[in-house]
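J.: Before we start, here is the structure in question, set down as structure tokens.
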Amino acid sequence: MKRNRFIYLNFTFMLSVLLGSVLLAGCGGSTTSTGSTGASVTTCGNPPKLSKSTGLKIGFSQNISNSPWRLAENKSMEDGAKAAGDSFVMTDAGGQDAKQVSDIQSLISQNVNALIVAPLTQTGEVSAILAAKKACIPVFLVDRDADHTLAKPGQDYVTFVGSDFVKQAQLVADSIIKATNGQAKIIELEGTSGATPAILRKQGFDNEIKSHPGMQIVASQDANFDRDTARQKMQTLLQAHPDVNVVYAANDEEAQGAIAALKAAGKVPGKDVLIGSIDGETAGLQSIIAGQQLVSVTSNPRLGSLAYQAIADYASGKTVPAWVIMQDKVYTKDNAQANLVNGF
Ligand code: AHR
């Protein structure tokens with residue numbers, strides 16, 4: 001009788017241990033310790049492994065959906081999920097770091113299998129990326145990266161899928177240097193403060209013109225990657241610097257705002273003032289065709305196929321590089337018309 005009771009107690013103990021670990025795995029639970037480097041290490045992998053490879057539930061956290069670029073990116077992410085046979089749930093942070101952090105928390109509690117995150121800024125979403133790791137959910141960053149001193153690709157998140165922002169800005173600078181023979185007074189409209197493309201595009205452009213003493217940035221301001229912000233900033237800047245002959249804008253939406261402000265000030269964009277920017281938006285291509293914009297280097301928002309390929313590779317145990325690079329192109333009057341079909 002005593003022996004039977006012992007066997008029964010042992011059986012129920014084993015059952016509860018088994019059940020406990022199944023539940024823990026199901027809700028993405030993990031134990032965390034501190035490795036020799038001081039970095040947090042989870043029992044489910046660094047970064048966490050994908051628990052399955054098909055029929056995934058993908059959570060996509062978008063930072064804002066306020067432009068053709070962002071809408072094209074959203075579509076690409078949703079299309080990618082469909083093509084992979086995954087289910088898709090998306091959040092939109094409306095341009096607020098705090099909202100994006102709570103969006104990611106909410107996706108974690110919905111037990112997504114993997115997270116695709118387009119972080120607003122380099123530091124703003126790091127706490128949520130680390131929280132996902134702790135919950136055993138692998139994170140794939142797209143379009144913007146995180147600060148590598150706070151979160152590392154290949155350790156805290158799987159990879160960054162996106163463009164070479166420094167190179168994009170160098171290419172714009174090269175076109176402008178050529179078109180002005182290295183003589184320019186430039187207004188620089190920067191992107192959202194703290195966002196990877198804003199930081200790296202400024203770095204790329206400013207460094208590229210440094211060796212040309214005739215290229216002078218007379219004013220540089222944050223226009224938040226936004227058309228109307230750029231229009232208003234440009235209106236004010238033109239009053240202080242009526243003799244500028246170049247605008248370098250961090251994206252095509254800002255370039256559109258600058259074009260509107262130049263026209264309102266009685267200047268002829270493309271003639272009195274040359275404009276160079278980044279994205280390859282339909283509006284940018286049309287401005288190039290109309291002779292109002294000199295150049296637009298693409299920043300392809302259709303990152304879905306690369307992102308879902310990275311997820312599939314990761315699930316099958318293949319090595320995913322820390323940076324999956326989206327290759328970009330240069331649009332000028334020579335190829336803008338032919339590439340209108342690729343606009344967005
Ligand atoms: O992160 C990519 C950049 O963000 C795009 O160039 C820009 O248009 C967007 O707002």
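The values are calculated or read from the model by the stated rules, or taken from the named source; none is laboratory data. What you are looking at is a predicted structure, and each value in this text was computed from that prediction instead of being measured. All Cβ positions, even for glycine, are placed from backbone atoms using ideal geometry, and neighbour counts span all protein chains on display. Quick note on the areas: whole protein, heavy atoms, side chains included, nothing else; ligands and nucleic acids left out. Shrake-Rupley method; radii C 1.70, N 1.55, O 1.52, S 1.80 Å.
For (1) in contact (Cβ under 8 Å) with a residue 60 or more places away in the chain; (2) surrounded by fewer than 17 Cβ atoms within 10 Å (Cβ to Cβ); (3) within 22 Å of Asn224 (Cβ to Cβ), each residue gets a yes or a no:
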residue	(1), (2), (3)
Ala250	yes, no, yes
Glu254	yes, no, yes
Ile259	no, no, yes
Lys263	no, yes, yes
Val330	yes, yes, no
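J.: Failed condition for Gln100, given (1) within 16 Å of the ligand (Cβ to nearest atom); (2) assigned to a helix (DSSP H, G or I); (3) under 30 Å from Leu294 (Cβ atoms), with all others met?
T.: If we test Gln100 against (1) within 16 Å of the ligand (Cβ to nearest atom); (2) assigned to a helix (DSSP H, G or I); (3) under 30 Å from Leu294 (Cβ atoms), just (3) comes out false.
J.: Assess whether Thr298 counts as being within 16 Å of the chain's Cα centre (by Cα) and either at pLDDT 95 or above or over 30 Å from Asp156 (Cα atoms) (or both).
T.: The answer is yes for Thr298.
J.: Okay, moving on. Say whether the condition of being among the aromatic types (Phe, Trp, Tyr), under 24 Å from Glu188 (Cβ atoms) and within 16 Å of the ligand (Cβ to nearest atom) is met by at least one residue in region 310-324.
T.: The answer is no; no qualifying residue exists.
J.: Output the residues belonging to region 251-277 that are assigned to a loop (DSSP other than H, G, I, E, B) and more than 10 Å from the ligand (Cβ to nearest atom).
T.: Ala265, Gly266, Lys267, Val268, Gly270, Lys271, Asp272, listed by residue number.
J.: Ok, one more. Out of all the residues in region 181-190, is one or more under 20 Å from the mean Cα position of the chain (by Cα) and surrounded by 21 or more Cβ atoms within 10 Å (Cβ to Cβ)?
T.: Yes: region 181-190 contains one or more residues that are under 20 Å from the mean Cα position of the chain (by Cα) and surrounded by 21 or more Cβ atoms within 10 Å (Cβ to Cβ).
J.: Continuing with this model, one more query. Taking into account only those residues within region 177-203 that are under 17 Å from Thr298 (Cβ atoms) and part of a helix (DSSP H, G or I), which is farthest from the ligand (Cβ to nearest atom)?
T.: Our first condition is that a residue be under 17 Å from Thr298 (Cβ atoms); within region 177-203, this holds for 191, 196-197, 200-201.
Of the ones still in play, those that are also part of a helix (DSSP H, G or I) are 196-197, 200-201.
Working: Thr196: 7, Pro197: 4, Leu200: 10, Arg201: 8 Å.
Here the answer is Leu200.
J.: Let me ask something else. What are the residue pairs meeting all of these: first residue in region 204-220, first residue in the same structural domain as Lys185 (by TED's automatic domain parsing), second residue surrounded by fewer than 20 Cβ atoms within 10 Å (Cβ to Cβ) and among the hydroxyl-bearing types (Ser, Thr, Tyr), Cβ atoms under 9 Å, and 6 or more apart or on different chains?
T.: Asp206/Ser220; Gly214/Thr180; Met215/Thr180
J.: Does Ile288 satisfy being more than 15 Å from the ligand (Cβ to nearest atom) and at pLDDT 95 or above?
T.: Values: more than 15 Å from the ligand (Cβ to nearest atom): yes; at pLDDT 95 or above: yes.
Criteria met by Ile288.
J.: Shifting gears a bit: Restricting attention to region 159-170, does a residue exist that is open to solvent by 30 Å² or more (accessible area, probe 1.4 Å) and more than 16 Å from the ligand (Cβ to nearest atom)? I'd like the intermediate steps shown before the answer.
T.: At the first step, the residues of region 159-170 found to be open to solvent by 30 Å² or more (accessible area, probe 1.4 Å) are 164, 166-167, 170.
Add one more test, that the residue is more than 16 Å from the ligand (Cβ to nearest atom), and what stays is none.
Checked against the condition, which is being open to solvent by 30 Å² or more (accessible area, probe 1.4 Å) and more than 16 Å from the ligand (Cβ to nearest atom), region 159-170 yields no hits at all.
J.: In the list Gly280, Gly304, which residue meets the criterion of being under 30 Å from Lys57 (Cβ atoms) and within 16 Å of the ligand (Cβ to nearest atom)?
T.: Within the list Gly280, Gly304, the selection yields Gly304.
J.: Additional query: Given the criterion β-branched (Val, Ile, Thr) and outside the structural domain of Gly80 (by TED's automatic domain parsing), identify the matching residue among Thr319, Thr332.
T.: Result: Thr332 is the single residue among Thr319, Thr332 that is β-branched (Val, Ile, Thr) and outside the structural domain of Gly80 (by TED's automatic domain parsing).
J.: Still on this model: I'm told Thr282 meets every condition in (1) touching a residue at least 60 places away in the same chain (Cβ under 8 Å); (2) surrounded by 20 or more Cβ atoms within 10 Å (Cβ to Cβ); (3) not assigned by TED's automatic domain parsing to the domain that holds Asp156 except one. Can you identify the failing condition by its number?
T.: Among (1) touching a residue at least 60 places away in the same chain (Cβ under 8 Å); (2) surrounded by 20 or more Cβ atoms within 10 Å (Cβ to Cβ); (3) not assigned by TED's automatic domain parsing to the domain that holds Asp156, the lone unmet condition for Thr282 is (2).
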